[in-house]
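S.K.: What follows is a single structure, and I will ask about it in a moment.
The values are calculated or read from the model by the stated rules, or taken from the named source; none is laboratory data. Just so it is clear, the model here is predicted, and its values are computed rather than measured. Reconstructed Cβ throughout: ideal geometry from the backbone, glycine too, with neighbour counts over all protein chains shown.
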Amino acid sequence: MKTFGKLFTFLVYLFLYAPLLVMIIFSFNEAASTSVFTGFSLHWYGELLNKRQIGEALQNTLILASLSSITATLIGTLAALGIYHMKKKAVVKAYMTVTNIPMMNPDIITGVSLMLLFVFVGKTLGMQDSLGFGTLLIAHITFNIPYVILNVLPKLRQTDPHLLEAALDLGCTPVKAFIKVVLPAISSGIVSGLIMAFTLSLDDFVISYYTTGSDFQTLPTLIYSITKKPVKPYIYALFSIIFFVILLMLVLMNVMQAKSDRKNARKNS
Amino acid sequence: MNRKANIRQVLLNAPYTLWAAIFVVVPLLFVAYYAFTDSGGNFTLENLSNLSRYANVFKKSLLYSVIATIITLFIAYPFAYFMSKRSANVQRVQMMLVMLPMWMNLLIRTYSWTLILERNGIINNFLELFGIEPLKLIGTPGAVILGMIYNYLPYMILPIYTVLSKIDVSILEAAEDLGCNSFNKFRRVVLPLSISGVVSGIVMVFVPSVSTFYISQKLGSESEWLIGDNIEYLIKSTTDGMNVAAALSLVLMIIILASMAIMNRFADSSDGGMIV
């Protein structure tokens, strides 16, 4: 059973990584061929640097992810506080249902539904083309907010409500009590919501594809239009760089996680 | 004081309430509006009644995504089970290795398979060494299903692993002490306790599979076009297809809501069964 388990695990990892490894290997290929490896070269990485549109798209993606995740974090944190203080169960349930919609709906529905709204409003206002950076930003904020709420709300529910009362009794103003008592308690939820929103925004293709115009490309929408035609290996160089950046981030996160786990273990013992 | 609390409440809720109403609820109403109107904005049932033309597309989408979901489940469950048995450090590394492909963009994950499956890709080159005629791998239903499995396998592994790793070892020991053999221990204890993870895994694989368009476009041929491809084509490549696209989206949404309702009921009843 044990050897079978190990073999099975290995085969699944092979399946998960084989296509990515093939891609990385051919990004170092001398020739443009993706079937025969003729020799090691960094030629395609050099060519990648000359592609201005990729740099531009990367910049667009980062700007969009920053703006949308920060805005979503503000709105989402306020919403979590509001939902936390709601008295009626039915109202809370209604809010949570609406919050779940963008997460449960497939991306294509979220994208198409927003596009229909934008196109309709654009037509009503007599605009030629209403889709662009603004609509893309709205779309990203919309699908990011639920993740912020779902990260902050559990932290709020974990905090002791008596703490806030104590702070108020001891003469804090409500704002000061919030900053001194509530905010530190929920800050980890806010940060993880922000990070999650940022990465989701970086990664999104489907919703962006339907809600942006031709003048504003993100990295995923650019990759889509590049891979519509037969591609040159410089695109594998781009994919490989993305792979290694993600790998680096994951390793860093794991090291940090392991450190804090060990710290907690020491505290408890 | 009470009044102050009310004002505070309104101020906290107002931004999100407005945002969710305008950008979550209204857009869904627009899908219905477009589905029930013609390009001039007049009420019509034609978009929906014409959907019978797409009956085959719906069948294919459902078939492919159901097959992909089932295969994914049978790969992910044992994988997650073995993973939950390893030491904490190994589990951490394994988790990272599962998440790495998941964090790669869907487009990259899908595209990378073309290198392997192409007519002059890795597999066919390998076969050629033995003088075997190249196989048609890309542009087949199998390639589309493979793409779905590959893209969404981590989404099945993670929720199942999460519930499996939370199962209390003492419950398993109790089952052994009470005379369960390992098969019964699995069937009567482990499996019922992991159903919630299985259900969320199924939803997380089925929903993006049934609504995909890039996977079928890159790995399938035109005869493997799914619902998503038709929506994409109508919106991006035609000028008057918006209303039919909305009708397709509406039906897709109903299919997904229905399947989620079924899965939820399944999860509930299994929980109820556990108490008894």
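S.K.: Starting from residues that are farther than 30 Å from residue A:67 by Cβ and outside any helix (DSSP H, G or I), keep the ones in region A:153-200 and report whichever is nearest to the chain's Cα centre (by Cα).
M.R.: Result: A:160.
S.K.: Among the helices (runs of 4 or more DSSP H) lying completely within region A:1-90, list those that include at least 2 residues that are at pLDDT 95 or above and away from chain B (no Cβ under 14 Å). Steps first, please.
M.R.: Working: elements: A:2-27, A:43-49, A:52-85.
So the answer is A:52-85.
S.K.: OK, next. Based on this model, can you work out whether residue A:136 counts as in contact with a Ser or Thr (Cβ under 6 Å, 6 or more places away or on another chain) and at pLDDT 95 or above? Show your work before the answer.
M.R.: Values: in contact with a Ser or Thr (Cβ under 6 Å, 6 or more places away or on another chain): yes; at pLDDT 95 or above: yes.
Criteria met by residue A:136.
S.K.: Name the pairs: first residue in region B:4-33 and more than 7 Å from chain A (Cβ to nearest Cβ) and surrounded by 15 or more Cβ atoms within 10 Å (Cβ to Cβ), second residue in a helix (DSSP H, G or I) and aliphatic (A, V, I, L, M), Cβ to Cβ under 7 Å, at least 6 apart or on different chains?
M.R.: From residues that are more than 7 Å from chain A (Cβ to nearest Cβ) and surrounded by 15 or more Cβ atoms within 10 Å (Cβ to Cβ), the pairs are B:32/B:250.
S.K.: Filter region B:215-228 down to the residues that are at the interface with chain A (Cβ under 10 Å from one of its Cβ atoms) and either surrounded by 24 or more Cβ atoms within 10 Å (Cβ to Cβ) or over 19 Å from residue B:108 (Cβ atoms) (or both) and list them by number.
M.R.: Of the residues in region B:215-228, the ones at the interface with chain A (Cβ under 10 Å from one of its Cβ atoms) are B:217-218, B:227-228.
Selection gives B:227, B:228.
S.K.: Within region B:162-242, which helices (runs of 4 or more DSSP H) (wholly inside it) include 2 or more residues that are in contact (Cβ under 8 Å) with a residue 12 or more places away in the chain?
M.R.: B:169-177, B:191-210, B:214-219, B:227-237
S.K.: What's the number of the only condition in (1) touching an Asp or Glu at 6+ places or on another chain (Cβ under 9 Å); (2) part of a helix (DSSP H, G or I); (3) in contact (Cβ under 8 Å) with a residue 40 or more places away in the chain that residue A:147 fails to meet?
M.R.: The number of the failed condition is (1).
S.K.: Additional query: Restricting attention to region B:8-46, which residues are aromatic (Phe, Trp, Tyr) and assigned to a helix (DSSP H, G or I)?
M.R.: Looking only at region B:8-46, we keep the residues that are aromatic (Phe, Trp, Tyr), and these are B:16, B:19, B:23, B:30, B:33-34, B:36, B:43.
Within region B:8-46, B:16, B:19, B:23, B:30, B:33, B:34 meet the criteria.
Matching residues to (1) hydrophobic (A, V, I, L, M, F, W, C); (2) touching a Phe, Trp or Tyr at 6+ places or on another chain (Cβ under 7 Å):
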position: A:191; (1), (2): yes, no
position: A:197; (1), (2): yes, yes
position: A:208; (1), (2): no, no
position: A:219; (1), (2): yes, no
position: A:230; (1), (2): no, no
position: A:257; (1), (2): no, no
position: A:261; (1), (2): no, no
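S.K.: Could you tell me whether region A:25-33 includes any residue that is in the same structural domain as residue A:210 (by TED's automatic domain parsing) and under 27 Å from residue B:103 (Cβ atoms)? Give the steps one after another, and end with the answer.
M.R.: From region A:25-33, those in the same structural domain as residue A:210 (by TED's automatic domain parsing) are none; that's our starting set.
No, there is no match, as no residue in region A:25-33 is in the same structural domain as residue A:210 (by TED's automatic domain parsing) and under 27 Å from residue B:103 (Cβ atoms).
S.K.: Could you tell me which numbered condition residue B:56 fails, if it satisfies all but one of (1) of a type outside the set (A, V, I, L, M); (2) surrounded by 15 or more Cβ atoms within 10 Å (Cβ to Cβ); (3) more than 8 Å from every other protein chain (Cβ to nearest Cβ)?
M.R.: (2)
S.K.: For the structure I just gave you, tell me whether residue B:158 is under 17 Å from the mean Cα position of the chain (by Cα) and closer than 30 Å to residue A:226 by Cα.
M.R.: Working: under 17 Å from the mean Cα position of the chain (by Cα): yes; closer than 30 Å to residue A:226 by Cα: no.
No; evaluated as a whole, the condition is false for this residue.
S.K.: When you scan region A:127-144, how many residues do you find that are of a type outside the set (Val, Ile, Thr), assigned to a helix (DSSP H, G or I) and within 13 Å of chain B (Cβ to nearest Cβ)? So that I can check it myself, show each step before the final result.
M.R.: Here is the first cut: in region A:127-144, the residues of a type outside the set (Val, Ile, Thr) are A:127-134, A:136-137, A:139-140, A:143-144.
This time we only want the ones that are assigned to a helix (DSSP H, G or I), so: A:133-134, A:136-137, A:139-140, A:143-144.
Within this subset, residues satisfying the condition of being within 13 Å of chain B (Cβ to nearest Cβ) are A:134, A:136-137, A:139-140, A:143-144.
Here the count works out to 7.
S.K.: Out of region A:237-269, which residues are over 22 Å from the mean Cα position of the chain (by Cα) and surrounded by 15 or more Cβ atoms within 10 Å (Cβ to Cβ)? It would help to see each step written out before you state the result.
M.R.: Initially, region A:237-269 is screened for residues over 22 Å from the mean Cα position of the chain (by Cα), giving A:237, A:258-269.
Across region A:237-269, the qualifying residue is only A:237.
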